[in-house]
Ligand SMILES: Nc1ncnc2c1ncn2[C@@H]1O[C@H](COP(=O)(O)OP(=O)(O)O)[C@@H](O)[C@H]1O
Ligand SMILES: [Mg+2]
């Protein structure tokens, strides 16, 4: 549904997007992850056709965003970073207006508005004017606007920004659910959001894609994926710590507690050896006649990977 090929955007001398390519199919939710200033919003604005690309192409459901602009844009719902609202309209009035702008036929207007209101939980404020809404409701009104014409493609720029934890949760569930039948891209710098709502994620840093995979694949790439937490007993004089350090499968050993009685430690895998670390440790303990009380292989963590591979700092 979404095909992005070698997108570039230059603002004068500034290169905001530097050769981004990806595809999103129906039934996929692609998370755009990256520090502030990485180029997420600029990429999304080019994908939706609101900003011309310096180089590269975007195709939406087979329609080129520049050459076949109207066909391409009609398939897209877009929630921009700072969404405009017409503050003197009621929620219902604004959504009716949005539906008309989006070419929803007059006979289907009421049904489209009702459905968007229901999907985004706006019923309690339906007749309230937009300028009196709380931030969460305003945000959901913008969200409702983006889905009013039931688009096949949804581009959501930080859709949970500024919401409280319950509202964030609600929106993630909603994205996940809509993702079953649509192709969705949403940007965030909240890592848990990726795990909660995405089928796939790309990490963008300084205008380029530096990682691409399912949340599990990405986690497995963090350097501490496959580290082993070990609790072993009866090691008086075994020299186990030094032996663990020496294993070709281990990179380093972080000791939490160590005395004649036992050892509590986290052993980090050597590069490319995480799959064999657990087995090597368990064999070593057996050879040394130690009692293993716990040997737990940790999954990688997305926040570790993010810190390891992005150069810019997270703002929160
Ligand atoms: N209209 C513009 N003119 C000049 N620079 C811009 C413009 N829009 C964005 N940028 C710059 O491009 C980079 C990427 O911005 P953006 O896409 O908004 O990042 P993100 O959404 O990942 O935080 C930033 O350095 C930003 O300052
Ligand atoms: Mg942005």
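Annotations
- Computed over the Cα atoms of the range 41-108, the ratio of the radius of gyration to the Kirkwood radius (Rg/Rh) comes to 1.04.
- With the helix formula -39500 (n - 2.57) applied to DSSP H stretches of n ≥ 4, the chain reaches a computed 222 nm mean residue ellipticity of -9500 deg cm²/dmol.
- Relative packing of peptides 218-227, 246-255, 85-94, 6-15 - highest average C-beta neighbours within 10 Å first: 218-227, 85-94, 246-255, 6-15
- Dimensions of the chain along the principal axes, based on C-alpha atoms and rounded to the nearest Å, stand at 83, 45, 31, largest first.
- As a rough guide to protection, the peptides 259-272, 195-208 ranked by mean Cβ packing within 10 Å, highest first, stand as 195-208, 259-272.
- Taking the C-alpha atoms only, the angle from helix 109-119 to the longest principal axis of the chain is near 20 degrees.
- Our summary gives the chain a relative contact order of 20 percent, counting only alpha carbon pairs under 8 angstrom and 6 or more residues apart.
- If you wrap the range 98-184 in the convex hull of its Cα atoms and look at it from every side, the mean projected area works out to 5.8 nm².
- For the pair residue 86 and residue 276, label points projected 7 Å from Cα toward Cβ lie 6.8 nm apart.
- Tail beyond 18 Å, pair distance distribution of the range 1-84 (Cα, percent): 41
- Taking all Cα-Cα distances within the range 54-146, those exceeding 22 Å account for 34%.
None of the figures in this text is laboratory data; all of them are computed from the coordinates on show. Model, not experiment: these values are computed from the prediction. FYI the Cβ positions are ideal-geometry reconstructions off the backbone, even for glycines, and counts take in every protein chain you see.
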